[in-house]
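Asker: Have a look at the structure that comes next, please.
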Amino acid sequence: YLGVLTLPPLWAAFAAHVARFEVARRAPWFAFVLLLPQLLLFALLFAGGWSSLYLTTIESADDHYGPLWWVSLTYSYLLVIGGSAAMIATALRDRRPGSWRRQVAVGFAALVPMAGNTAYVSSGLSFPYPPAPILFCVALVALRQSLFSGGLLQTLPVSHAELVTQLPTPLLLTDRRGAVVQL
């Protein structure tokens, strides 16, 4: 659970760097500042009587989520939405050749697992398992497809494939014996 709490602040800090926000550039510890509220709320889970404000585990029944859990969830959602909005807005504003579409895809990919988690929470947590982890994997596969050429089953190393596809002139690759490997 602590690992899940770190993803939204790290995403927002990453998006702030991509969007070239001054605070992200000047403060390399910016991600930690965003993570601090999450850590403080999570620490209350282990603080005796305060823990019921965060989460109460009930044996043979559903957990009871307290008001601080909802605050933490809302904060996480705001960080993900804010990070995605910054990334998408920067991409649409700058429209750097060759990369703006990829940046928009990255911004929207982060919203997919959050949308699944929102549906899960809105349903009253009634599904047996939360859909966010599988949606995170689906978003990563789609993201991988949009970021790297050559399709999902690309066998070349990414750096080699990107180098080959970015060259402005044709390229002929041979092995040591002179056999053509790639054209």
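The values are calculated or read from the model by the stated rules, or taken from the named source; none is laboratory data. Just so you know, these numbers come straight off a predicted model, no measurement behind them. Here the Cβ positions follow ideal geometry from the backbone for every residue, glycine too, while neighbour counts run over all protein chains shown. These area figures cover heavy atoms from the full protein model, side chains too; ligands, DNA and RNA do not enter into them. Shrake-Rupley method; radii C 1.70, N 1.55, O 1.52, S 1.80 Å.
Asker: Would you mind telling me the share, in percent, of accessible area of the stretch 29-130 contributed by carbon and sulfur at probe 1.4 angstrom? Walk me through the intermediate numbers first.
Answerer: Numbers: 4190 of 5990 Å².
Solvent-exposed carbon and sulfur of the stretch 29-130 make up 70 percent of the total.
Asker: Defining a contact as two alpha carbons under 8 Å apart and six or more residues distant in sequence, what relative contact order in percent does the chain show?
Answerer: Relative contact order here is 14 percent.
Asker: Okay, next question. In percent, what relative contact order does the stretch 1-109 have, based on Cα pairs under 8 Å that are 6 or more apart in sequence? It would help to have the intermediate numbers written out before the result.
Answerer: Details: 110 pairs, mean separation 30.0, N = 109.
Averaging sequence separation for qualifying contacts and normalising by length gives 28 percent for the stretch 1-109.
Asker: Now for a different question. Taking θ = phi - 60°, what integer Hz values does the Karplus form 6.51 cos²θ - 1.76 cosθ + 1.60 yield along the stretch 169-183, in sequence order, with x for Gly and Pro?
Answerer: 10, x, 9, 10, 9, 10, 8, 5, 8, x, 6, 5, 9, 8, 10
Asker: Now for a separate question. Let me know the longest stretch in the chain that avoids all chymotrypsin sites (Phe, Trp or Tyr not before Pro) found in a DSSP loop with at most 13 other C-beta atoms within 10 Å.
Answerer: 30-183
Asker: Still on this structure, I have one more. Could you give P(r) for the stretch 17-141, binned at 10 Å from zero, as whole percent values over all Cα-Cα pairs?
Answerer: 12, 31, 34, 17, 6, 1
Asker: While we're here: Using unit Cβ charges (K, R positive; D, E negative) and no other charged atoms, how large, in debye to the nearest 20, is the dipole of the chain about its Cα centre?
Answerer: Approximately 920 debye in magnitude.
Asker: Additional query: Quick one: net charge of residue 127's neighbours, Cβ under 15 Å, K/R +1, D/E -1?
Answerer: Working: positive: none; negative: 62, 63.
Charge balance in the 15 Å sphere: -2.
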